[in-house]
DNA sequence: GATGGTGTCTGACAAAAGTCAGTAAAATAA
DNA sequence: TTATTTTACTGACTTTTGTCAGACACCATC
């Protein structure tokens, strides 16, 4: 590693640390110390289980308890016993808590907007931020099954289609392609998987059930900021696990030679090329894999 | 500002906050709380004046005093009265302090190296980090006069020459160009300015004194991560101030039509095009400005 | 239904960080 | 010169955060 690279990384760190400090101190502007503010924030974001909050914020159980008591006393939070395990407790915002949470959200949005709006080329900045965020947290990536109608899934697909339109010489119109019906990509016929990192979808993959003795792998996409990190491999392994769980023994997929990195990837990971098996106008390369 | 852009920015913030937390806790690994560690770090980085440290770390004067006393008791720091103002005090590392500081530096370097080395495409990551760091801190940019021999200046120039070689169809060899002698760009004949942000040079500009009744502006360069932010304007205003300070009334510069953004910039900012005034092989556009 | 383990809470501390009024010494202004 | 301001220091706080040993209720298991 060159000295210059280290220096640049550390400079990034300095810059970002002071920025983070500024955000944190803006959180203090609402007259509440950082501890309770962070807990309120976590609860507002749907982390309701007390143990989960504790793990998330790395808090001692005693401290956690007191912070929750404080928020209860303020009338922002109610804590009730969990349904299936009465030892565990679950926190929820009161209406007043919702209001207070919204104020913090507005502060954060404002801060984020300020950074973006004073930049001459926001999209470049956003792409850089995506790349950095993905690089820093990649190990925390979680693969989760969602319905294809999930808004994050839809967003991935829209980006995917946009990219295909850009890379295929004749463009790409999803309506001309064999668009899987949503329920073919939901249990019990199939599945749709999202790779999520820090709350943002950075990749997806679909498993489409058919009645022809095999299932198809569709819509494998990795966000530009996460490429070459091995995410496609993670997604494909997860898709194969899903298939096995559904009792599917054979997988097929189609792709296009205009996407050489995809073709290379499938060749490398145990897929064998087979003759055309559908009449979709876009693909020109076809693969099969037995589980 | 679209919702998605805000969400992406906030996601970046989340990712980076947890990373920064990890660095901070690695600082705790040396058995010293964050407060003293930060003060030691500041002193090691050349912020010796007590008032300056206080401003930099936003510490109360009482707290500052106690932190310094603690570091003195540990034998890491000596605090002496300032030379020109005996009320002010100035801190310096003892040999033991130097050693301890080096340990923190090594920790930071290690952390930075770890981030880079686990990434498949470090240069892209570095560029993204530069862009983000510059965007976040741009307002803190400081313009400072340095000798052209300053290593940061040399690094800017090397990058500048590399870029010219890349953009001129016939390449660029600085030895064929009229390379200003160093002392022509130092007071009292001229000046060399550096734009520094978070310790990193992100731009430069030179003022080269001549005996021909005018001075030349040379080597105006802005780092890719800082372009379109108005830094060239800042640098040029500073160069003009330098020229005025040296009693120079007329400025000239040459550039090349292969750098249209530069030509556009000079046209926009009060320079008038004039006929060729030198026999340098590279430039083909010439400007003059009266102060 | 006894046993051991888990999740939360409380009390009792301790460390770290932050606050503030007052003091002393030096610099600056009147 | 004297008065005022500036800079750092000290003492006496408070708040925030972190730690730890029980206590208690609950769950799972034999």
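Descriptive notes on the structure:
- Kirkwood-type hydrodynamic radius, the protein assembly as shown: 28.3 Å, calculated from all non-identical alpha-carbon pairs.
- Residue and distance for the chain B Cβ closest to the axis that moves B onto A, in whole Å, come to B:128, 2.
- Relative intensity, log₁₀ I(q)/I(0), of the range B:68-200 from a Debye sum that treats every alpha carbon as a point, q = 0.15 Å⁻¹: -1.13
- Per-copy distances of the residue B:28 label point, shortest first, in nm (7 angstrom along Cα→Cβ): 1.8
- Residues of the range A:245-271 with amide N under 18 Å of the 7 Å Cα→Cβ point at residue A:168: A:253-263
- With N as its number of residues, the range A:137-290 has a Cα radius of gyration that, divided by 2.2 N^0.38 Å, comes to 0.97.
- Semi-axes of the equivalent ellipsoid for chain A, Cα gyration tensor, largest first, Å: 42, 26, 17
- FRET efficiency estimate (nearest 0.05) - Cβ-Cβ, residue A:18 to residue A:79, R0 30 angstrom: 0.25
- Seen against the Cα atoms of chain B and their longest principal axis, helix B:95-117 is set at about 70 degrees.
- Between helix B:122-137 and chain B there is an angle of about 90 degrees, using the helix long axis and the longest principal axis of the Cα atoms.
- Inter-probe distance in nm under a simple model that places probes 7 Å from Cα toward Cβ, at residue B:61 and residue A:52: 5.0
- Peptides A:5-17, A:225-237, ordered by how many other C-beta atoms sit within 10 Å of their residues on average, highest first, read A:5-17, A:225-237.
- Between the range B:210-288 and the range A:205-258, the alpha-carbon centres lie 56 Å apart.
- Residue-averaged beta-carbon neighbours from other chains (10 angstrom radius) around B:190-203: 2
- Based on the Kirkwood approach, the hydrodynamic radius assigned to the range B:207-291 is 13.4 Å, with every pair of different Cα atoms included.
- Per-residue shielding of A:20-28, expressed as the average number of other chain Cβ atoms within 10 Å of the residue Cβ, stands at 2.
- Estimated FRET transfer efficiency (residue A:4, residue A:106; beta-carbon r; R0 25 Å; 0.05): 0.05
- In degrees, nearest ten, helix A:34-44 long axis to first principal axis of chain A (Cα): 40
- Label geometry 7 Å along the beta-carbon vector: residue A:182 inter-copy distances in nm: 7.0
- For residue B:268, inter-copy separations between label points set 7 Å beyond Cα along the Cβ vector come to 4.3 nm, shortest first.
- A simple spin-label model places the labels of residue A:124 and residue B:140 2.2 nm from each other, with each point 7 Å out along Cα-to-Cβ.
- Mean Cα-pair separation over length for the range B:3-118, i.e. relative contact order, pairs under 8 Å, 6 or more apart, %: 24
- Counting only other chain Cβ atoms within 10 Å of each residue's Cβ, the peptide B:246-252 averages 0.
Throughout, read-outs are computed from the coordinates displayed, never taken from laboratory work. As the structure is a computational prediction, the values presented were derived from the model and not from experiment. Using ideal geometry, Cβ is built from the backbone for each residue, glycine included, and neighbour counts are taken over all protein chains shown.
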